[in-house]
1. With 138, 100, 134 as the choices, which residue is touching a strand residue (DSSP E or B) at 6+ places or on another chain (Cβ under 7 Å) and of a type in the set (Lys, Arg)?
2. Considering only residues of the stretch 184-226 that are at pLDDT below 85, closer than 16 Å to residue 257 by Cα and in a loop (DSSP other than H, G, I, E, B), which is farthest from the chain's Cα centre (by Cα)?
3. Could you give every pair whose Cβ atoms fall below 8 Å, whose first residue belongs to the stretch 226-239 and is closer than 17 Å to residue 214 by Cβ and without any contact (Cβ under 8 Å) to a residue 60 or more places away in the chain, and whose second residue is small (Gly, Ala, Ser) and assigned to a loop (DSSP other than H, G, I, E, B), counting only separations of at least 6 or pairs across chains?
4. Could you pull out every one of the helices (runs of 4 or more DSSP H) wholly within the stretch 97-182 that has 1 or more residues that are free of Cβ contacts under 8 Å to residues at least 12 places away in the same chain, surrounded by 17 or more Cβ atoms within 10 Å (Cβ to Cβ) and of a type in the set (A, V, I, L, M, F, W, C)?
5. Pick from 18, 12, 48: which is part of a loop (DSSP other than H, G, I, E, B) and assigned by TED's automatic domain parsing to the domain that holds residue 165?
6. Mind counting the residues in the stretch 67-91 that are among the polar types (S, T, N, Q) and either modelled with pLDDT under 75 or over 13 Å from residue 44 (Cα atoms) (or both)?
7. Name the pairs whose Cβ atoms lie under 9 Å apart, with the first residue in the stretch 40-69 and at positive phi and touching a residue at least 12 places away in the same chain (Cβ under 8 Å), the second buried (at least 20 other Cβ atoms within 10 Å of the Cβ) and outside any loop (DSSP other than H, G, I, E, B), and 6 or more positions between them or separate chains?
8. Given the options 82, 61, name the one that is part of a loop (DSSP other than H, G, I, E, B), touching a Cys at 6+ places or on another chain (Cβ under 8 Å) and either of a type outside the set (Lys, Arg) or surrounded by fewer than 19 Cβ atoms within 10 Å (Cβ to Cβ) (or both).
Amino acid sequence: MTRHRVVALVGPLLELYPVTCASAVFGYHGPDIAQHYDFRLCAERPGPIPTTMGADIVVPDGLAALDDADTVLVAGWCPGPDFSPELGGAVLAAHARGARIVGVFGGVYVPAALGLLDGRRAAVHWECTADLARRYPRVNADGSVLYIDHGDVATAGASASVVDLCLNQVREQHGAALAMRIGRQLSAAPAREGEQRQGPAPATLRPAPESLGPLLDWAIANLDQTLTLRDLAQRSRMSPRTLNRHFLEQLGTSPGRWLLDRRIAWTRAMLEETDLPVETIATRVGLSSAVNLRRHFRSALSTTPAAYRRAFRAVTA
């Protein structure tokens, strides 16, 4: 099996967190999880690279590592990067031959400066949105969402959303089941869609929103049940109106939409990994009937469960 080569191109002052998040998703997960990716670092000037934690790391590879990269993760640049024509040319050459370019936090400035995001939306950290929009007016800078994936170019606005973006890549390339298995091993939060918000606005006079984490974990453990907004509100000891507001503030979506997204994700995983009939899957994910499941599945993915199962198994075969 040929592994997908992920190369993190790091800058002169490296923030380790987004790079280690990516390596956690694309790295080795033990003998029970198939390894579809290779992960390595490169820099324009190989050798010791200073990091924001005060210790250097040694990066052995130079820009030549991008020559055979399938995904180039750009991380470590401060806003408004000054990078050499050689570095820009290496990234453009990788993109031209089909490599996927992923810009993270300050790294979003690199594909923006190279014109790879012209006329496109880019997920940008809310602190940098105005600055990037001023520097690159042809880019539609969006400081409200976690990540945006165009396929050939993807962007994550904040370091903490790198896991979400990388798991989304695994899901698109190798299915929801593998992405969920890796996410569970990392104890990652329940899968977050790119259009979810980066977080509540920092300037507010209201008390900080209560964490939805325990409620989300409980809901996922009980997806086979018919859960309503009232059920979730009672579990969280909030009024339905207050709970709905917290969902919108913290996740950028409604409780009903969030539940349906989780049910579709579990449906995909079971279609990929089991031969269970659609009626049984519908019961297990809380969609009550095959008719109901097929309707929601087609609406979400523009295909039927049977066609999805055939297509996934044809690709993996």
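1. Exactly one of 138, 100, 134 is touching a strand residue (DSSP E or B) at 6+ places or on another chain (Cβ under 7 Å) and of a type in the set (Lys, Arg), namely 100.
2. 212
3. Partner pairs satisfying both residue conditions: 227/286; 233/239.
4. Qualifying helices (runs of 4 or more DSSP H): 129-135.
5. From the options 18, 12, 48, the qualifying one is 12.
6. Filtering the stretch 67-91 for residues among the polar types (S, T, N, Q) gives 71, 84.
Subset that is either modelled with pLDDT under 75 or over 13 Å from residue 44 (Cα atoms) (or both): 71.
Qualifying residue count for the region: 1.
7. Partner pairs satisfying both residue conditions: 47/59.
8. 61
The values are calculated or read from the model by the stated rules, or taken from the named source; none is laboratory data. Just so we're clear, the structure is a prediction, and the values are computed from it rather than from any experiment. Using ideal geometry, Cβ is built from the backbone for each residue, glycine included, and neighbour counts are taken over all protein chains shown.
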